[in-house]
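What follows is one structure encoded as structure tokens, with my remarks underneath.
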Amino acid sequence: MAQIKNKFWYPVFYMFVVTSLFSAVVIGFAQITADRVQANQQIAFEKAVLSVLPVDLSELKSDLAIHNYFTENVEQPSKETGGAYVIRKNGEVIAYALTMEGQGFWAPIKAVIGIEADQKTITGFYVYQQNETPGLGAEITQESFINQFDEIVIAEGPKSINFKRPSESLEPSEVHAVTGATQTSTRLEKIINDALIQWRVKMKNR
């Protein structure tokens with residue numbers, strides 16, 4: 001054994017074996033957990049959609065309850081809904097849930113916005129994926145920010161929703177940007193407006 005260790009090729013062979021072993025362990029672990037990760041991502045998405053719709057989430061006590069409610073009550077996107085998810089009552093649209101995605105300051109931001117059947121009034125907003133700076137841009141996930149969207153009105157023109165400085169007064173189609181997170185706020189404002197403008201065009205042309 002000592003003679004083998006002294007061979008010039010032994011260190012390379014040894015590192016190859018060790019690397020292969022650890023790679024196999026990592027790949028195996030990733031494969032084992034892949035289904036669970038995907039399931040958790042799906043539940044996070046379903047919870048986000050239900051959060052912006054007129055649904056009492058307090059009655060849904062588990063992930064399974066959330067999934068079952070979503071599956072049974074939320075209609076998948078279609079041309080008729082402009083690509084938005086829909087919840088109905090007695091066959092009539094109660095609200096739309098429009099998903100959106102775009103580049104944040106550091107990484108993609110994924111969010112969903114709820115819209116009443118009048119196609120004008122916002123029922124809620126929820127960011128379900130982001131990687132912005134903790135304590136700054138990441139505040140877009142906090143209730144103090146997202147609660148501002150409740151019952152504001154989608155404006156006509158180039159900006160459906162306008163972000164204002166935290167110290168400024170607000171009009172019916174405006175919310176306050178996150179303090180100290182100009183880049184995140186600017187990018188999120190664009191993501192929201194691009195999605196809403198495109199959705200309204202689709203709804204007019206359906």
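The values are calculated or read from the model by the stated rules, or taken from the named source; none is laboratory data. Since this is a predicted model, take the numbers as computed values, not measurements. Note that we place each Cβ from the backbone using ideal geometry, even for glycine, and neighbour counts take in every protein chain shown.
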**Item:** Breaking point among (1) in contact with a Gly (Cβ under 9 Å, 6 or more places away or on another chain); (2) of a type in the set (D, E, K, R); (3) at pLDDT 95 or above, for R206
**Value:** (3)
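Provide a single number: the residues in segment 132-152 that are among the β-branched types (V, I, T), farther than 14 Å from H176 by Cβ and in contact (Cβ under 8 Å) with a residue 40 or more places away in the chain.
Filtering segment 132-152 down to residues among the β-branched types (V, I, T) leaves 133, 140-141, 146, 152.
Subsequent filtering for residues that are farther than 14 Å from H176 by Cβ retains 133, 141.
Remaining after also requiring in contact (Cβ under 8 Å) with a residue 40 or more places away in the chain: 133.
Total satisfying the criteria: 1.
Residue by residue, here is whether (1) over 15 Å from the mean Cα position of the chain (by Cα); (2) of a type outside the set (F, W, Y); (3) within 20 Å of Q76 (Cα to Cα); (4) at pLDDT 95 or above holds:
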residue: Y96; (1), (2), (3), (4): yes, no, yes, yes
residue: Q103; (1), (2), (3), (4): no, yes, no, yes
residue: G114; (1), (2), (3), (4): no, yes, yes, yes
residue: A117; (1), (2), (3), (4): yes, yes, yes, yes
residue: T121; (1), (2), (3), (4): yes, yes, no, yes
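Just give me the residues in segment 99-125 being of a type in the set (A, V, I, L, M, F, W, C) and either crowded, with 23+ Cβ neighbours inside 10 Å or not in a strand (DSSP E or B) (or both), in sequence order.
Pass one, segment 99-125, residues of a type in the set (A, V, I, L, M, F, W, C): 100, 105-107, 109, 111-113, 115, 117, 122, 125.
Passing the criteria: F105, W106, A107, I109, A111, V112, I113, I115, A117, I122, F125.
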**Asked** Give me the pairs: first residue in segment 56-75 and on the phi < 0 side of the Ramachandran plot, second residue at pLDDT 90 or above and hydroxyl-bearing (S, T, Y), beta-carbon distance under 8 Å, and six or more apart or on different chains, which are they?
**Response** L57/S51; L60/Y69; V74/Y85; E75/T81; E75/Y85
**Request:** Among the residues of segment 138-178, write down those that are surrounded by 16 or more Cβ atoms within 10 Å (Cβ to Cβ) and either of a type in the set (D, E) or part of a loop (DSSP other than H, G, I, E, B) (or both).
**Result:** E139, I152, I154, A155, K159, S160, I161, S173, E174, A177, V178
**Odd one out for G135, checked against (1) surrounded by 15 or more Cβ atoms within 10 Å (Cβ to Cβ); (2) not in a strand (DSSP E or B)** = (1)
**Request:** Give segment 95-109 a look and list any residue that's out of contact with any Lys or Arg (no Cβ under 7 Å at 6 or more places or on another chain) and over 9 Å from I191 (Cβ atoms), or say none.
**Result:** A95, Y96, A97, L98, T99, W106, A107, P108
